[in-house]
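Here the structure is laid out as structure tokens; the discussion comes afterwards.
The values are calculated or read from the model by the stated rules, or taken from the named source; none is laboratory data. These figures come from a predicted structure and were not determined experimentally. FYI the Cβ positions are ideal-geometry reconstructions off the backbone, even for glycines, and counts take in every protein chain you see.
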Amino acid sequence: MRIKKGIPVSPGVAICRAVVLDAIDAPIPRRSVPSSQIPAELERLNQALARSEKDIQLQRQQAEAKLGAEMAKIFDSHVGLIRDKSLIDQFHLMIEKEKVTAEYAVYWVMQHQAKLFRQMENRYMRERVLDIWDLERRIIGHLIGNHQTTLSELQGEAIIIAHDLTPSQTASLDRRRIKGIATDAGGRTSHTAILAHAQSIPAIVGLEDITSQVSTGDTLIIDANNGQVIINPDAAELLEYRQYIERMDLLGTDLDELATLPAQTVDGTLINLYANIEFPVEIDGALAKGATGVGLYRTEFLFMASETEPSQELQYQNYLEAIKRLDGRPLTIRTLDLGADKLAPGDYIPAQENNPFLGCRSIRLCLQNLKLFKTQLRAILRASASGPMRIMFPLISSIMELRQAKMILSDVMEDLEDEGLPFDRKIPVGIMVEVPSAAIQAKTLAKEVDFFSIGTNDLIQYTIAVDRGNERIASLYSSGHPAVIQLVKDIVRAANRAKIEVSICGEMAGEPEFVMLLLGLGLRSLSITPPAVPEVKRVIRSVSISQCQRLARKVGAMESDREVINFVRDELRKVLPEIYRDRRFES
Ligand code: PEP
Ligand code: MG
């Protein structure tokens with residue numbers, strides 16, 4: 001049994017046999033062609049390009065039907081590339097001057113392009129290298145009949161092991177049979193990661209050498225909740241994970257019945273249980289799971305999935321779609337949180353920074369790119385005429401920053417008024433409290449906003465100084481750290497005193513063991529990832545507020561995160577022993 005750790009990009013756990021795919025860049029041998037055959041070679045190339053474009057258009061339509069319009073846009077860049085005259089000229093030149101086969105010309109030129117992309121300063125562009133490979137394989141497939149591995153043709157269930165998957169491959173996966181994805185390469189924001197997440201396929205990337213550690217037929221456990229792949233697990237490990245999956249499945253069926261019941265504690269306190277989403281298409285699923293609104297719409301994902309900056313109209317259409325799908329339920333829309341690990345096209349994201357997480361990201365980036373910011377605010381405000389919406393600024397770290405953001409919002413409102421365009425003049429304006437300085441100054445900030453949403457993902461990383469994406473120090477990243485809990489408590493108190501609403505939208509809110517603590521600290525709105533809604537609702541329906549307050553008081557006196565975590569888990573186990581009894585929950 002071996003364990004490999006990587007970067008989890010789409011949560012879930014599965015046990016299945018491995019299917020290892022061939023290396024993505026299998027070389028094409030150089031073969032010469034006589035001069036007389038060059039026109040025929042050029043013709044072969046043109047036909048392959050035309051067929052490839054047809055394929056892409058088809059795949060685009062399929063992706064649109066399966067995953068929505070935003071996801072389908074990923075393939076627009078492939079169409080753009082395949083029509084790129086300079087690229088086609090390079091293929092032609094190579095065939096004519098070097099007198100080589102069309103497949104070698106495509107291989108050589110695309111390898112060269114990939115190298116250029118890999119050397120780019122802009123990290124977003126570097127991750128686009130997979131799109132180049134995707135296209136290369138497609139064209140070569142048409143030239144030599146060696147079609148790229150069509151995953152849809154795979155027999156039986158499998159966990160896919162690959163050096164990397166192209167966006168096309170990932171979009172064509174059949175969720176019912178592909179139980180997981182584990183790759184050597186890949187980053188958190190690659191198109192492959194986004195597409196895996198959108199399809200709820202457990203995925204771990206950046207495993208470095210998983211393709212050489214695993215052979216087809218090996219049994220694997222992919223635990224994408226914890227970013228690990230267990231290769232040929234022993235009997236005890238298998239049993240433990242089987243029980244875990246069984247319990248989760250059972251819980252899932254069981255919990256589906258909870259969808260229509262209120263998220264209400266046993267003493268009758270109603271808790272708002274909202275969903276965190278990246279794309280409007282996720283809303284139907286979130287509502288089906290029992291969410292009653294959206295507490296965090298991460299609008300930057302539209303930018304991350306697009307090849308060019310989304311127009312105001314496109315943004316507006318997306319926000320409108322979210323409103324329509326919510327059908328009167330509340331929508332909290334967060335302005336762009338780009339930068340650091342969230343990369344997108346465009347030159348407004350700094351190419352090189354020593355500390356991107358402390359750099360020009362999120363609201364800072366928007367305040368330095370007013371055109372970008374105003375365009376989004378305009379789209380949001382226009383959409384606010386069509387349904388209940390709240391606007392939220394991320395990463396606020398000082399009152400001046402908040403005032404500046406609000407001033408720009410007012411400017412945009414004035415513009416719309418001048419133009420006679422409808423919008424909600426009273427749209428509630430709030431902030432994410434996710435920087436320690438904002439948490440410490442919560443009392444001051446509360447006077448100037450309508451609501452707070454606590455972003456524990458960043459609050460934890462900035463409070464403990466632990467990069468949330470760094471595997472080597474992942475054990476230090478802890479929702480149970482007493483300093484984090486103290487800050488959450490202070491934020492809630494400041495909000496309550498100022499009589500503004502406070503919710504929490506970091507991952508911590510979706511972890512069942514922390515639900516009682518959060519309720520005990522005074523939170524009444526939780527915004528969580530949609531799959532976690534039923535489980536969290538069950539915990540809410542099993543506890544009383546006074547019980548949670550007692551728990552929170554005890555936690556307040558604790559000194560270490562271990563102590564806190566062991567305690568909240570024990571308490572949850574007492575409340576729902578049939579569910580939380582097993583060892584996995586103790587680790
Ligand atoms: C957070 O930081 O807690 C949060 C919800 O936002 P994101 O994960 O998008 O940074
Ligand atoms: Mg954040």
* Every residue from region 305-337 that is farther than 15 Å from PRO280 by Cβ and within 16 Å of ligand 2 (Cβ to nearest atom) -> THR335, LEU336, ASP337
* Asked: Any idea how many residues of region 45-81 are over 30 Å from GLU282 (Cα atoms) and crowded, with 19+ Cβ neighbours inside 10 Å?
  -> 4
* **Elements of type helices (runs of 4 or more DSSP H) contained in region 256-337, each with 2 or more residues being away from ligand 1 (no atom under 14 Å from the Cβ) and under 25 Å from VAL433 (Cα atoms)** => 282-289, 312-326
* Contacts under 8 angstrom Cβ, first residue in region 380-407 being at positive phi and touching a residue at least 24 places away in the same chain (Cβ under 8 Å), partner within 16 Å of ligand 2 (Cβ to nearest atom) and in a helix (DSSP H, G or I), 6 or more apart -> LEU395/SER362; LEU395/ILE363; LEU395/ARG364; LEU395/ASP458
* Asked: Say we look at region 349-381 and pick out the residues that are under 21 Å from VAL449 (Cα atoms) and not hydrophobic (A, V, I, L, M, F, W, C); which of these is surrounded by the most Cβ atoms within 10 Å (Cβ to Cβ)?
  -> SER362
* When you scan region 338-355, how many residues do you find that are away from ligand 1 (no atom under 16 Å from the Cβ) and hydrophobic (A, V, I, L, M, F, W, C)? -> 1
* Does at least one position in region 88-98 carry a residue that is within 25 Å of PRO310 (Cβ to Cβ), crowded, with 16+ Cβ neighbours inside 10 Å and more than 23 Å from the chain's Cα centre (by Cα)? -> no
* Asked: Hey, does region 393-413 have a residue that's at pLDDT 95 or above, in a helix (DSSP H, G or I), within 28 Å of the chain's Cα centre (by Cα) and among the polar types (S, T, N, Q)?
  -> no
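Check whether at least one residue in region 298-305 is over 17 Å from the mean Cα position of the chain (by Cα) and either more than 30 Å from GLU535 (Cα to Cα) or buried (at least 19 other Cβ atoms within 10 Å of the Cβ) (or both), and report yes or no.
Looking through region 298-305, none of the residues is over 17 Å from the mean Cα position of the chain (by Cα) and either more than 30 Å from GLU535 (Cα to Cα) or buried (at least 19 other Cβ atoms within 10 Å of the Cβ) (or both).
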* Considering only residues of region 451-467 that are in contact (Cβ under 8 Å) with a residue 60 or more places away in the chain and under 21 Å from GLY227 (Cα atoms), which is farthest from ligand 1 (Cβ to nearest atom)? -> ASP467
* Yes/no for LEU517 being within 16 Å of ligand 2 (Cβ to nearest atom), hydrophobic (A, V, I, L, M, F, W, C) and modelled with pLDDT of 95 or more -> no
* Somewhere in region 1-19, is a residue crowded, with 19+ Cβ neighbours inside 10 Å, assigned to a helix (DSSP H, G or I) and within 21 Å of the chain's Cα centre (by Cα)? -> no
* Structure fact -> Of those in region 454-493 that are assigned to a loop (DSSP other than H, G, I, E, B) and modelled with pLDDT of 95 or more, the residue farthest from ligand 2 (Cβ to nearest atom) is GLY480
